[in-house]
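Participant: Please read through the structure below; I'll follow up with questions.
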Amino acid sequence: MDEILLRMRHDLPFNNVASAFPDVRIYRWCNSMVDYLEFVASSGGSLDRLRRELPGVVLGLHSTILYRADREGRLDVMVRCRCTPHNSTVRMTENENCLWKPPVVYDEGREQLTVLAPEPASFRSLYRELRRVAEVEILKKVSVSPDVLRDSYTLSLSSLFQGMTGRQLRTLLRAIEQGYFAIPKRSSLEKMAKAESLGESTLQEHLSKAESRLVEALAPYLRLYASSAER
């Protein structure tokens, strides 16, 4: 199995966003249902412009915003996935019987994509398809053990979070963002409940259920990792 790092310049949707905002680096995770995007910039002005123009940017992706979080020097956005083999190198990769390692990185109008090719023929076919839509550079190519898949692909976002309600997800995210789990804590149930206009016991119930479901969903991955670590 080969691991190949590619750098591409093309006219596909996410790369066009990177071209429009050359001072903003984009990190992308995709599970075929949603795209999770991190926009990072050294220049506050570039990120401020992106924040203002974000609705139009997402509209240009023919998508909708599911979640948004503003942080200093960073903007996190979750959108519905609209990828097809005609507009996404990720879907092209999957169509040619190869795998890809997240995150995909877009920077200054170029995309960096790491591909895992089980057979040389699969990568040759993928390379031909990519060349139809992009300028393609091979930055690195190394042989890897199939065991690398255990680290890269065993963790599924849907398996982690599908058991939670929207309220539980939002409560957990806000608790993380406000420092409830930090050591020492930067927030409390009382403060968060007041900000959410909820009773403290109600907020505690949402948070406890979210924590419980997350730990239960993580359990198989913990067992898998623990069994590998013990060897």
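All of the numbers you see were taken from the coordinates with simple rules; none came from a lab. Note that the structure is predicted; figures quoted are calculated from it, not measured. Neighbour counts run over all protein chains shown; Cβ positions are idealised from the backbone, glycine included.
Participant: What do you get for the angle between helix 44-60 and the principal long axis of the chain? Use alpha-carbon atoms, 0 to 90 degrees, nearest ten.
Facilitator: Computed tilt is about 80 degrees.
Participant: Between 0 and 90 degrees, rounded to the nearest ten: what's the tilt of helix 200-229 against the longest Cα principal axis of the chain?
Facilitator: Approximately 40 degrees, to the nearest ten.
Participant: Excluding same-chain residues fewer than 8 positions from Lys101, which lysines have a Cα within less than 20 Å of its Cα?
Facilitator: List returned: Lys140, Lys141.
Participant: How many nm is it between the label spots at Glu135 and Arg49, if each spot is 7 Å from the Cα in line with the beta carbon?
Facilitator: According to this spin-label approximation, the distance is 2.2 nm.
Participant: Give the Rg/Rh ratio for segment 79-130, taking Rg as the radius of gyration of the Cα atoms and Rh as the Kirkwood radius, to two decimals.
Facilitator: Computed over Cα atoms, the ratio is 0.97.
Participant: Ok, one more. List the lysines whose Cα sits under 24 Å from the Cα of Lys194, skipping any in the same chain fewer than 8 residues away.
Facilitator: In chain and number order, the partners are Lys185, Lys209.
Participant: How long are the semi-axes of the equivalent ellipsoid of segment 163-226, taking √(5λ) for every eigenvalue λ of the Cα gyration tensor, in whole Å from largest down?
Facilitator: Each semi-axis is √(5λ); the values are 24, 14, 8 Å.
Participant: Using r as the Cβ-Cβ distance of Thr84 and Phe181, and R0 as 45 Å, what FRET efficiency do you calculate, to the nearest 0.05?
Facilitator: 0.75
Participant: Which one of Leu6, Val57, Asn87 has its Cα pushed farthest toward the positive end of the charge dipole of segment 1-109, where Lys and Arg give +1 and Asp and Glu give -1 at the Cβ?
Facilitator: Val57
Participant: First select every other residue whose beta carbon is under 13 angstrom from the beta carbon of Ser88; then total the charges, Lys and Arg +1, Asp and Glu -1.
Facilitator: Spelling it out: positives minus negatives among the neighbours equals -3.
Participant: For segment 6-76, what's the relative contact order in percent, using C-alpha pairs closer than 8 Å and at least 6 residues apart?
Facilitator: With pairs under 8 Å counted, the relative contact order is 28 percent.
Participant: What is the percent of Cα-Cα separations in segment 25-104 that go past 17 Å?
Facilitator: 47
Participant: Related question: Just to be sure I understand: if I project the alpha-carbon convex hull of the chain onto a plane and average over all orientations, what area do I get in nm²?
Facilitator: Computing the convex hull of the Cα atoms and averaging its projections yields 14.8 nm².
Participant: Arranged from highest to lowest average of other beta-carbon atoms within 10 Å per residue, in what order do the peptides 175-183, 98-106, 2-10 appear?
Facilitator: The densest-packed peptide leads the list: 98-106, 2-10, 175-183.
Participant: I've got another one for you. Dipole size in debye (nearest 20) for segment 2-144 around its Cα centre, Lys and Arg Cβ +1, Asp and Glu Cβ -1?
Facilitator: 140
Participant: I've got another one for you. Please give the net charge around Pro103, taking every other residue with its beta carbon less than 10 angstrom from that of Pro103, where Lys and Arg add +1 and Asp and Glu add -1.
Facilitator: Within the 10 Å Cβ shell, the charges total +1.
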